[in-house]
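Read the structure below first, then the notes.
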Amino acid sequence: MTFVVTVDHLWGEQLDLIATDGLTNFSPIRVQESVRQKMIGIPLHTMLTYEFNIFVNNLDKSKYLCFYATFDDVTKRISTDFAGMLVTIGGGIKKNYIWTPTKLIKFDFNKNEFVIFDNTIKKLQDLENDFKKSILVTKLPSKRKDELILLRKLALESKTSNKIINLFQDRENKADDNAEVFYQTVEAIHPEWQNYFILKRDSADWNRLDSLNYKLIEYGSKEHERLLVQATNLISSQADLTIMRPWPKDFGYLRDSYHYNFIFLQHGVTKHDLSLWLRKIEKDIRVLVTVSDYEKKGFLNYGYEYQDSEIAVTGFPRFDRFGIDNEIEFKKMVLF
């Protein structure tokens with residue numbers, strides 16, 4: 001598991017942080033953070049980011065986990081708040097929990113600590129029944145309540161399944177980008193996987209992809225929503241929240257249900273600092289595709305918070321269209 005803790009730059013450099021379960025102290029690595037505010041190009045305010053990578057196996061005997069900061073020989077427990085649209089816990093609903101094959105981890109907002117349980121059928125049922133009750137007492141329409149309960153059930157079943165479900169998507173209303181091309185590659189190599197392409201039905205590309213035997217799912221449909229909570233991988237040339245979380249209204253009830261790996265194929269080469277948009281705490285990209293070592297270096301050095309193993313230098317999938325067997329006449333191409 002990865003815990004990302006941000007600390008105000010004005011005094012954060014002099015802090016020592018630890019995470020502890022009362023048995024073991026876990027130390028973080030400090031990640032370069034991007035500038036939050038600028039005036040006439042001059043940095044005004046930054047944040048320091050500390051990343052804790054804690055293996056679940058290391059929590060085998062743990063009952064809780066909390067964070068402490070030491071400043072000038074004074075140690076105090078850190079008051080925890082959850083930030084970022086995609087975090088598993090937080091956002092006003094206090095019933096969410098982290099699922100792992102061996103542990104269930106929930107945050108106690110009163111004690112300001114993570115509580116760790118063994119992943120047993122009984123405990124899982126207790127947590128889900130508690131969550132179900134919180135859904136049923138809302139003012140949501142009865143039909144939507146039933147849908148949310150079903151979605152949570154589907155997500156939980158998929159977490160213990162060996163099925164591979166891949167969702168590919170470019171823009172909501174347009175294909176013809178890296179995800180479209182990569183879909184063909186994956187489908188050809190792994191037809192045993194469940195590979196789907198997400199697109200609006202009224203898109204100009206719908207009929208074209210349908211004629212190429214793409215398994216099309218209408219963007220925003222019930223089928224799309226049910227597949228997304230079960231997906232193993234979400235693979236896209238776009239990193240907008242409309243791709244990653246198309247239903248923001250009820251997202252709080254499902255934020256711990258989504259468990260896909262987000263694979264960001266990009267649309268083009270990144271040459272500007274986009275760290276406030278793409279950094280790990282915001283998008284949690286598991287694989288970020290780049291075209292060169294130089295571009296990869298940019299993602300590692302400008303506060304994106306990703307590790308070397310999470311940045312792949314492969315070139316863009318759509319470049320595969322220009323192979324030696326392709327019928328495109330290269331002499332008519334203009335390269336910029």
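How many residues are closer than 18 Å to PRO101 by Cβ and either surrounded by 14 or more Cβ atoms within 10 Å (Cβ to Cβ) or of a type outside the set (Lys, Arg) (or both) if we restrict to the range 53-82?
From the range 53-82, those closer than 18 Å to PRO101 by Cβ are 53-62, 65; that's our starting set.
Subset that is either surrounded by 14 or more Cβ atoms within 10 Å (Cβ to Cβ) or of a type outside the set (Lys, Arg) (or both): 53-60, 62, 65.
Counting residues in the range 53-82 that are closer than 18 Å to PRO101 by Cβ and either surrounded by 14 or more Cβ atoms within 10 Å (Cβ to Cβ) or of a type outside the set (Lys, Arg) (or both) gives 10.
Quick grid of which residues meet (1) closer than 20 Å to LYS159 by Cα; (2) more than 25 Å from the chain's Cα centre (by Cα):
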position	(1), (2)
TRP99	yes, no
ASP108	no, no
VAL115	no, no
LEU124	yes, no
LEU136	no, yes
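For the range 101-110, state whether one or more residues are open to solvent by 30 Å² or more (accessible area, probe 1.4 Å), in contact with a Leu (Cβ under 6 Å, 6 or more places away or on another chain) and without any contact (Cβ under 8 Å) to a residue 40 or more places away in the chain. No: the range 101-110 contains no residue that is open to solvent by 30 Å² or more (accessible area, probe 1.4 Å), in contact with a Leu (Cβ under 6 Å, 6 or more places away or on another chain) and without any contact (Cβ under 8 Å) to a residue 40 or more places away in the chain. Between ASP205, ASP126, ASP170, ASP146, the distinction of being farther than 17 Å from PHE264 by Cα, of a type in the set (D, E, K, R), modelled with pLDDT of 95 or more and in contact with an Asp or Glu (Cβ under 7 Å, 6 or more places away or on another chain) belongs to ASP205 only.
Filtered by the rule that a residue be in a loop (DSSP other than H, G, I, E, B), closer than 24 Å to LYS215 by Cα and among the hydrophobic types (A, V, I, L, M, F, W, C), the range 115-166 gives a lone residue, ILE164. Among strands (runs of 3 or more DSSP E) entirely within the range 1-114, having at least 1 residues that are modelled with pLDDT under 90 singles out 2-8, 16-20, 29-31, 35-39, 42-53, 64-71, 74-77.
Contact annotation: residue pairs with Cβ atoms under 7 Å, 6 or more positions apart or on different chains, pairing a residue in the range 249-270 that is touching a residue at least 60 places away in the same chain (Cβ under 8 Å) with a partner that is charged (D, E, K, R) and surrounded by 20 or more Cβ atoms within 10 Å (Cβ to Cβ), are HIS267/ASP177. Put simply, of VAL137, VAL115 the only residue that is exposed (fewer than 11 other Cβ atoms within 10 Å of the Cβ) and among the hydrophobic types (A, V, I, L, M, F, W, C) is VAL137.
Sort through VAL291, VAL269 and tell me the only one that's in contact with a helix residue (DSSP H, G or I) (Cβ under 7 Å, 6 or more places away or on another chain) and at pLDDT 85 or above.
Going through VAL291, VAL269 in turn, just one is in contact with a helix residue (DSSP H, G or I) (Cβ under 7 Å, 6 or more places away or on another chain) and at pLDDT 85 or above: VAL269.
Do we have ARG279 as within 20 Å of ASP240 (Cβ to Cβ), in contact with a helix residue (DSSP H, G or I) (Cβ under 9 Å, 6 or more places away or on another chain) and either open to solvent by 90 Å² or more (accessible area, probe 1.4 Å) or at pLDDT below 90 (or both) here? Taking the combined requirement at face value, the residue does not satisfy it.
When PRO248, PRO191 are screened for being part of a loop (DSSP other than H, G, I, E, B), open to solvent by 60 Å² or more (accessible area, probe 1.4 Å) and closer than 26 Å to LEU274 by Cα, only PRO248 passes.
Out of TYR258, TYR214, one residue alone is over 15 Å from the mean Cα position of the chain (by Cα), outside any helix (DSSP H, G or I) and either at pLDDT 95 or above or closer than 30 Å to PHE131 by Cα (or both). It is TYR214. Go through the residues of the range 87-102 one by one and say whether even a single one is farther than 21 Å from LEU254 by Cα and either among the hydrophobic types (A, V, I, L, M, F, W, C) or out of contact with any strand residue (DSSP E or B) (no Cβ under 8 Å at 6 or more places or on another chain) (or both). The answer is no; no qualifying residue exists. The residues of the range 180-200 that are more than 16 Å from ARG318 (Cα to Cα) and hydrophobic (A, V, I, L, M, F, W, C), listed by number, are ILE189, TRP193, ILE198, LEU199. Residue pairs whose Cβ atoms lie under 8 Å apart, sitting 6 or more positions apart in sequence or on different chains, and linking a residue in the range 128-157 that is in contact (Cβ under 8 Å) with a residue 24 or more places away in the chain to a partner that is open to solvent by 30 Å² or more (accessible area, probe 1.4 Å) and assigned to a loop (DSSP other than H, G, I, E, B), are ASP130/LYS95; PHE131/LYS95; SER134/LYS95; LEU148/LEU140; ALA155/HIS259.
The values are calculated or read from the model by the stated rules, or taken from the named source; none is laboratory data. Keep in mind it's a predicted model, so treat the numbers as computed, not measured. Cβ: placed from backbone, ideal geometry, glycine included. Neighbour counts: every protein chain shown. The area values use the complete protein model at the heavy-atom level, side chains included, leaving out ligands, DNA and RNA. Shrake-Rupley method; radii C 1.70, N 1.55, O 1.52, S 1.80 Å.
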